[in-house]
Structure formats: C-alpha cells, structure tokens
Amino acid sequence: MRKIGADIFVDALVKEGVEYIFGIPGAVIIPLFDKLLDSPVKLVLTRHEQGAGHAADGYARASGKVGVCIATSGPGATNLVTAIATANFDSVPIVAITGQVRTPLIGNDAFQEADMTGITRTITKHNFLVKDVCDLPRVLKEAFHIARTGRPGPVLVDLPMDVSLGQCDLDYPDTVNLPGYKPNYKGNDRQIKLAAEAINASKRPVLYVGGGVIISESATEVFELATKASIPVTTTLLGLGAFPETHPLALKMLGMHGTAYANYAVTESDLVIAVGARFDDRVTGRLDAFAPEAKVIHIDIDPTSISKNIRVDIPVVGDAKGSLQALLPLVRQATHPEWLEKIDNWKKQHPLVYKPCGLKPQYVVEQIYEATKGEAVITTEVGQNQMWAAQWFKYSRPRQFISSGGLGTMGFGLPAAIGAQFARPDAVVFDIAGDGSIQMNIQELATAVKYKLPVNIAILNNGFLGMVRQWQELFYRKRYSGTILGDANPDFVKVAEAYGADGIRVTTRDEVRPAIERAIASPRPVILDFAVESEENVFPMVPAGEAINKMMGGMA
Amino acid sequence: MKHVISVTVENKPGVLAHISSLFAARGYGIDSLAVGETEDPATSRMTIVTHGDDQIIEQITKQLRKLISTLKVQDLGETEYIERDLVLVKVNVASGKRGEILEIAQIFRGNIVDVGLKDLVVELSGHESKILAFIELLKPYGIKELVRTGSIAMARGAK
Amino acid sequence: MRHVISVTVENKPGVLAHISSLFAARGYSIDSLAVGETEDPATSRMTIVTHGDDQIIEQITKQLRKLISTLKVQDLGETEFIERDLVIVKVNAATGKRGEIIEIAQIFRGNIIDVGQKDLVVELSGQENKIQAFIDLLRPYGIKELARTGSIAMARGAK
C-alpha cells in the first residue's frame, strides 16, 4: 500500500520524537486524524484551538521539546492565531499544522478557507503552504528544524486536503538544506575576550538574564559566572528560574513590577551583562535613564536583538551556553564587598511588601510556594495575577515558570498548565489566574478532566480586570470603565463541579493553606476560588515612560 | 539618509509579500523597489531604496537576513556601487516646444520612444541624481505621466 | 500568457505588502515587479509582469481594483504600450574576450559602466525581448551577477 500525505505526516511526528499533538479535527484534516489513531503519537483533544496552541506552547516551555498543535482550515486555523503570536513573542518552538482546502480551490473563497500563510506571515518564524505531496517530507523536516534551532519560534504548515490524500513514496529526509538559514552559534572569540576584560575591570557588575538562558539550557554557566565573579543576578519575567532566587546574589525580577533592589542595582551598575534578554520596554523603562553609567555586554543568538533599543558596547552573537563556557575561564575570581553590601542594604530597606490583613493575593502565592516547597511548576494568566506570581514565589529552576511575557495573553495559563502537566507528569502544576483571565479559556477544564490531569487553578478572584483597574485607580481617578467583572462572575466552584473537576472556595486567610494542600492531594483538576482583597495593587510600579529607579508604592 | 539594499531571495511565492510585510510592520519606508531575475532561476534579486538613520538601516538589514528565504543582503551604502534607475516620462508638447524637449533629451542621452500630437514620451536611464535633474528640467513643460523602475544596484570593484 | 499590469497606488506604508500578499494568497505569479515614484508624490506606480490565462488576468485586475489604496489599474496587454526593462550585467571578460563583449554591447546600444580586471559591467535598457537576447548572447562568457528592474510600461497613443 502506497504512502499518502497523512502517512508521511505521522511518520514525521514519530521521527521527530513527538509524543503529544494538541488539537481539534475538522473536515479537511480528517485524513491526518484518521492516521493518528493507529500511531504512537497521542492526540490531546482540546475544546478550542487556542487552547490547543497554548497547550503545545506550555508543553514546549516545560519540556524543551517542540510542541505540536493541529487545527482544521478556516476558523479552526484562525483560532490558533493568538497562540501562535504568543509563542512567537516568547521564542517558543511549536509546529502548527493547519488543514487547508483542496489546492484548486485555494484563493477562490472556498468554504472554511483562510489564507493562513498570509495571516501568520509576521507572527511565525516561518511558514509553508504545501502544494505537492512529495514536498511534504522535506517541509516537515524543515519545519521542525526551524522551530527548534537558532532563536526558536512557531512554524506553521498549511496542508491542503488533497495533498494529505496524495501519494508519494519519499522517505523522511535525514538532513535539511536551508541556504538562507544559518544561525550563528559560536560567539566571536575576540568579543568574548573583550567581555571578560570588561567583567574583570568592573566594580559594580550586574547580570541581566532572560528567557534565552532557559532556552539554551545555560543556567549552570550563569550560576558559575555569578558565583565566580560575585555578580548579582536579576532576571526578566521569562528568565525567572534561570538563577535560584534563594541565593544571596539573586535580585529577582527587574523592570516595571520588579523589585526595587534589582532596579537600583541596574541603574547604579557600571557593567550590565545581558544574556538571552532583549531590553524590552517593561524592563528598561525610559531608555535614556537605563543603566546610565554602565557598559553593556550583550550575549544573544539573535543579531536583531542586539543594539535594537539600547546601544551595546560589547555584542556577542551566539548561543549563550557556548559563549558563557568560552567566557568563564577568562573571567577572574572576584569579590565586590562594597557593591554587594550596598545591594544588601537596598534589599533590607526596600523588600517586597504588602499589608497582611484580610485575604491578600500575595499571601496566596506565598502559601503555594510553601506548600509545594518551591518545587511546583507555575503557569500564569496575565495581569496582576501574573505579576504577583512572579514576585511572591521564589523560582529556583529553569522551566518552572511558564507565562506569556511578550504578547501578554490572557487565557494562556490554563491550557499551558495542561501542556506542562503532560510534559511533567510527576510535577505539581499550578495555574495562577485572575477571574477575568480564567474565563477566556475556561472550556479547557474539560481537557484536564478528560485526560485526568491534576492541574490546580488558583483564581485570585477580586471581581475586576485587575491590572487595568489598577491603572484606572492610579491614573484615571478610579474611573472603572469596563473593568468590573464581579457583578456577573460565575460561581467558579460550581463551574468546576459542572465539568467534573473539584472546586474549593476560600474566603478567609486561615483557609488558604489547607485548601492548597487539599488541591495538591486531589487526583482531579481543582479550581481554588480565592476571594481576595478587591482593590489590591501590584507594587513597586515603574510608571510608563519613567526611569526604572523611579518606582511608586510598595516601599517599606 | 538614503540607502540602497540589495536582497537576493529564493524565488518562491510569498517572499515578496514577506519582505514588504516586514517593512510595513516595522514602519520602515520603501522609497522604491525593483525585483527581477538573476543569473540563477531559483533566485530573485530585490533592490530596495529606503531611508533612515544608521540604527534603522542596521535593524532593517538584520531583520532581512533573519528571514529564511533570504540568501544574501547587501547594504550597498557601505561599498562603491553602480546604481541605475529607468524612467519613462510623458511630457506635454505645445507646438514650438518640441525642439527644446528634444534638446534636453539629447543632452541627457535619453531616447524618444513615442510621439503623439500633443505629447512625447522620453526614456532615460542613469543614476538617481541624473534622473531627478532630467525630471526637474521637464517639469515646466508639464509632465503628464511618469513611471520609474526604482533603482537597481550592484557592487563595483575588481573581483 | 504574459501580461503587464500597471497599478497606481497611494504611496502609503503597507500597500506593497498588501498587493504582494494578494498575489501570494491567490497563487498569482509575479515574474517581475517595479515600484517607483510618479509625477504625484502621494502616489506610486507598480508595474507587475505576470502570466496566466484570460480568466486569471481578469481576476487579478478586479482584485487589485478592489483594494482601497489602489487608484488605477491598467492591464496594458489590451492597449498599445511602451515597455522598458533595465538590466546591469557583470560578465567575465578574460583579456582576449573583452573586445567581443564590447561589440555586443555596442550592437545593442548598451553602455559599459564598470571595468574590472576580470570582468565588465554592461547596462542595457529596452524591451523584454531585447534584454533577453542580450543576456543570452552574454551567457557563454559567464555571467557573474545580474540585476534587472523588471518592466515598466506606459500606454501609447495620442491624447
């Protein structure tokens, strides 16, 4: 029996080591779904394609492997767009397969047709429309290669129905030939030498570490560098976990809602060593006031990130792990007692604080940390819940914190938690959510129930679209336009039970810890509905356009 | 500052769309664009004239290189290069003025390619500055229609 | 069948991306494309050489007209029109052969615009078949590099 496109597709998944594919079938994609039934690749049926995309994303972030999602043509494919953009912004390797109408119908406004290659052109690392079934093995090989190498990113493969039914005997190739794609992995030796010299000469160095360190698996090298040369370490949102936050050199997150001591340290440093981070505006605040006295070393695999926002003095284009490994022997052991003492004083004078009365969202996050001994895998939604999750949990491992940073997609956390649980079946997984965000992909509770995933969803329920409400309070005289949700929120416990999950309501501080422990012990997905203080704000806060050392609020 | 960027790309559907989307999405201006064949049928060559300060041009060339379908990017501003543009100008010709316009064409070594009752079409190729000077001289007569290819360029130099 | 379509568009960011996306999405080919200024700085003129049967060409012109940023679409295949393309070719010129190449350039009335130790750069403008013939004659010497603008075109005729 000759191979058809659908066979080639499944063959490719197996060859690429894909364990799970997240998606929903439809008319033009039935041939692929049919072959999946007989394959070792497990289909995870979600309840919205956006959920499938975010689940593939969460799986990829938690495991380091390529996440795969699949949708039918037209509306199924367009439902993936937000998830693809989310992955694109955070450099997550996913391959999205979308069905497409038969090739003669393309461009004719056929039923359930959408120009996915056009629509996703600017939000994918690359995309393909396969018009000839004999191109399919090469295209799939290239898709996985492009997704996982260099600076990873989402790749879309648009597959017309007649192509998946067409016959071709070609085997899956062993190699790729992409003359236009040759990522540079090895940092330039001269640049690395310059970087080492700058580090050895510095008196107030700071390591600014981003998601790239986690992608390149170079947390060990960062730790060695920091401890060898006594360099304090701050991370971006996506870099949380790249350096253990319980270590004395840890400054935790910097930027708009980062710690005061991280922001002060960067502002007063004489050398910023950026590794796998991109000087995003949430981090830098006002550009001309960012690290004004510091030389900047920037180690990154993507040349477009270097000198995009701020001028870099010593760029090193290459993979972080290799570059740091080459750098380490050239860096002298050092202590910076004055600098570290200064930072310690800042830590003592300006720790993260909140008023511990009533049921505070920060307390909930702290208790999740304690109850899981800091080992939980945390996904978040977006907004205040995300910021409190970043601030009040102490992350110590890469791939422990999973959050939509660049795009900031509400509704990411629950499906991402599902993907993360598949990647880490033995881990305790918590989605820290808001009452607004959780409703954007609440239907994925069904997915968690269907596959018996013991994910825990901690809703910091304040009845508002919290982060927007905070801005309206601080800058718009509390004119709460479009941010009041509490008058029509569902009873989340009943929603959980309606799906066949567990629901636990918490209204007092004393109930928090026991509820968390019950959730962890339950083999079913659990919604914890925490009725938190309704107008609590995330502090410190760097107002938009301000320098990062000019924070408001939250100072002890 | 004007920059001429030469991009050699895979001759595949969607590449032009991708590059022009890139420019549009990031707000880079395209003053002119010419795309045509090269000596290799699997590739096309795009010559894009854009403008911006050094930092913007650096970003543009980096972003272009990042695209999978891009094979080579040359910011020709950094080397000696040959640049040519081609223009067709349809200009009003009131009686009595035809001689003057022919003279201008001759001086610039352009060609008359069409003659009508009330207008003339002149063709001229050359460097952008020559083309602009030519257009300026013809403006007083009344330019009815003007079409330009946009520049193409090639690095100079003994190889 | 080859068609030359001239599109006058608003000179705004994204228009080129929109038109090229349109071609890519519907699977229409772009053999060459030249975009440049016109007599009106608020507009650009794109000359697109495409091919297809009559039905496809009709669809293309209709789809182009539908875009808000499109001001005028002319399918020049239906009228008498002037067409010009510009090419610069860097060709191997071993010492004995230089004379032959210069001869070819003279016959076609092209210009030598750069001379290197081992190569020559020739510029030629003209209709597509002239350009094609020129390239074919140069090919045996070894074409090192080639850049073409793609055709521009203007309707002929007394107005």
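None of the figures in this text is laboratory data; all of them are computed from the coordinates on show. This one's a predicted model, so the numbers in the text were calculated from it and none came from an experiment. Cβ atoms come from the backbone with ideal geometry, glycine included; neighbour counts cover every protein chain shown.
Data table
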read-out: Net length gained if the chain between A:Ala27 and A:Ser534 were fully extended (0.36 nm per residue, minus Cα distance); value: 178.0 nm
read-out: 0 to 90° range, to nearest 10: angle between helix C:128-138 axis and chain C longest Cα axis; value: 30 degrees
read-out: Set of the stretch A:16-39 residues, backbone N closer than 18 Å to the point 7 Å along the Cα-Cβ line of A:Arg102; value: A:26-32
read-out: Dipole magnitude (debye, nearest 20) for the protein assembly as shown, charges at Cβ of Lys, Arg, Asp, Glu; value: 860 debye
read-out: Distance between the stretch A:464-493 and the stretch B:55-122 - C-alpha centres, whole angstrom; value: 58 Å
read-out: Rounded, prolate or oblate (a/c below 1.5 giving rounded, otherwise prolate when a/b exceeds b/c) for the stretch A:173-245 by Cα gyration tensor; value: oblate
read-out: Residue among A:Gly26, A:Gly318, A:Met467 farthest towards the positive dipole end of chain A, charges placed on Cβ; value: A:Gly318
read-out: Radius ratio Rg over Rh of the stretch A:340-463, counting only Cα atoms, Kirkwood formula for Rh; value: 1.01
read-out: Amide H contacts under 5 Å for A:Ile527, placed H, 5+ residues apart; value: A:Ile457, A:Asp502, A:Gly503, A:Ile504
read-out: Interchain or long-range residues, amide H under 5 Å from B:Glu145's placed H; value: B:Lys90
read-out: Evaluated over the stretch C:2-78, the Cα radius of gyration and Dmax, each in Å; value: 11.5, 34
read-out: In sequence order, calculated HN-Hα J values of the stretch C:115-125 (Karplus, 6.51, -1.76, 1.60; Hz; x Gly/Pro); value: 10, x, 5, 10, 8, 9, 10, 10, 10, 9, 10
read-out: Lys/Arg +1, Asp/Glu -1 at C-beta; chain B dipole; positive extreme among B:Ser125, B:Ile152, B:Ala17; value: B:Ala17
read-out: Shielding of B:112-123 by partner chains, average beta-carbon count, 10 Å; value: 3
read-out: Calculated SAXS-style log₁₀ I(q)/I(0) at q = 0.12, 0.19 Å⁻¹ - the stretch C:1-136, Debye, Cα scatterers; value: -0.61, -1.02
read-out: Phi to ³J(HN,Hα) by Karplus 6.51 cos²θ - 1.76 cosθ + 1.60 over the stretch B:106-113, Hz, x for Gly, Pro; value: 5, 4, 7, 6, x, 10, 7, 10
read-out: Set of lysines near A:Lys348 by C-alpha distance (under 22 Å), chain-local residues within fewer than 8 positions excluded; value: A:Lys203, A:Lys252, A:Lys394, A:Lys550
read-out: Within the stretch A:361-531: Cβ-based charge dipole about Cα centre, in debye rounded to nearest 20 (Lys, Arg +1; Asp, Glu -1); value: 300 debye
read-out: Reachable lysines, given that their alpha-carbon falls under 19 Å from the alpha-carbon of B:Lys62 and they are not under 8 places away in the same chain; value: A:Lys125, A:Lys182, A:Lys186, A:Lys308, B:Lys2, B:Lys72
read-out: Amide N proximity, the stretch A:301-317 versus A:Asn200 label position 7 Å along Cα-to-Cβ, cut-off under 15 Å; value: none
read-out: Virtual spin-label span in nm between A:Ala334 and A:Ile484, 7 Å along Cα→Cβ; value: 5.6 nm
read-out: Modelled label reach - C:Met1, point 7 Å along Cα→Cβ, the stretch C:36-65 residues with backbone N closer than 19 Å; value: C:48-64
read-out: Rg over Rh [alpha-carbon atoms, Kirkwood Rh] for the protein assembly as shown; value: 1.03
read-out: The stretch A:416-556 - percent relative contact order, Cα under 8 Å, separation 6 or more; value: 25 percent
read-out: Tail fraction, Cα-Cα pairs, the stretch A:228-373, threshold 17 Å, whole percent; value: 67 percent
read-out: The stretch B:2-78 - percent relative contact order, Cα under 8 Å, separation 6 or more; value: 48 percent
read-out: Label-point separation, C:Leu137 to A:Lys182 (7 Å along Cα→Cβ), nm; value: 3.7 nm
read-out: Across the protein assembly as shown: Cys residues that no other cysteine approaches within a C-beta distance under 4.7 Å; value: A:Cys69, A:Cys357
read-out: R0 of 41 Å, Cβ-Cβ distance A:Asp426-A:Glu497: FRET efficiency to nearest 0.05; value: 0.95
read-out: Cβ-Cβ FRET estimate between A:Asp288 and C:Ser69, R0 fixed at 30 Å, reported to 0.05; value: 0.20
read-out: Shielding by partners - mean other protein chain Cβ count within 10 Å, residues of B:137-148; value: 4
read-out: Packing-based exposure ordering (other Cβ within 10 Å, fewest first) of A:Lys203, B:Lys62; value: A:Lys203, B:Lys62
read-out: Test item: Cα-centred dipole of the stretch A:88-165, Lys/Arg +1 and Asp/Glu -1 on Cβ, debye; value: 360 debye
read-out: Gained length - A:Thr507 relative to A:Lys15, 0.36 nm times residue gap less alpha-carbon distance; value: 172.1 nm
read-out: Inter-label distance, nm, simple model (7 Å from Cα along the C-beta direction), B:Asn92/C:Glu58; value: 3.9 nm
read-out: Cut-off under 5 Å, modelled amide H: who pairs with A:Thr409 long-range; value: A:Ser404
read-out: Rounded Å value of the spacing that divides the Cα centres of the stretch A:65-89 and the stretch A:176-199; value: 32 Å
read-out: Range of Cα positions in the stretch B:82-155 per principal axis (Å), largest first; value: 44, 20, 19
read-out: Sites matching GluC sites (Glu not before Pro) across the stretch A:348-416 that sit in DSSP coil, with at most 15 neighbouring C-beta atoms within 10 Å; value: A:Glu375
read-out: Set of lysines near A:Lys452 by C-alpha distance (under 20 Å), chain-local residues within fewer than 8 positions excluded; value: A:Lys42, A:Lys494
read-out: R0 of 30 Å, Cβ-Cβ distance A:Arg311-A:Asp189: FRET efficiency to nearest 0.05; value: 0.85
read-out: Note, ³J(HN,Hα) from phi for the stretch A:232-237, Karplus 6.51, -1.76, 1.60, rounded to Hz, x at Gly and Pro; value: x, 10, 10, 10, 7, 4
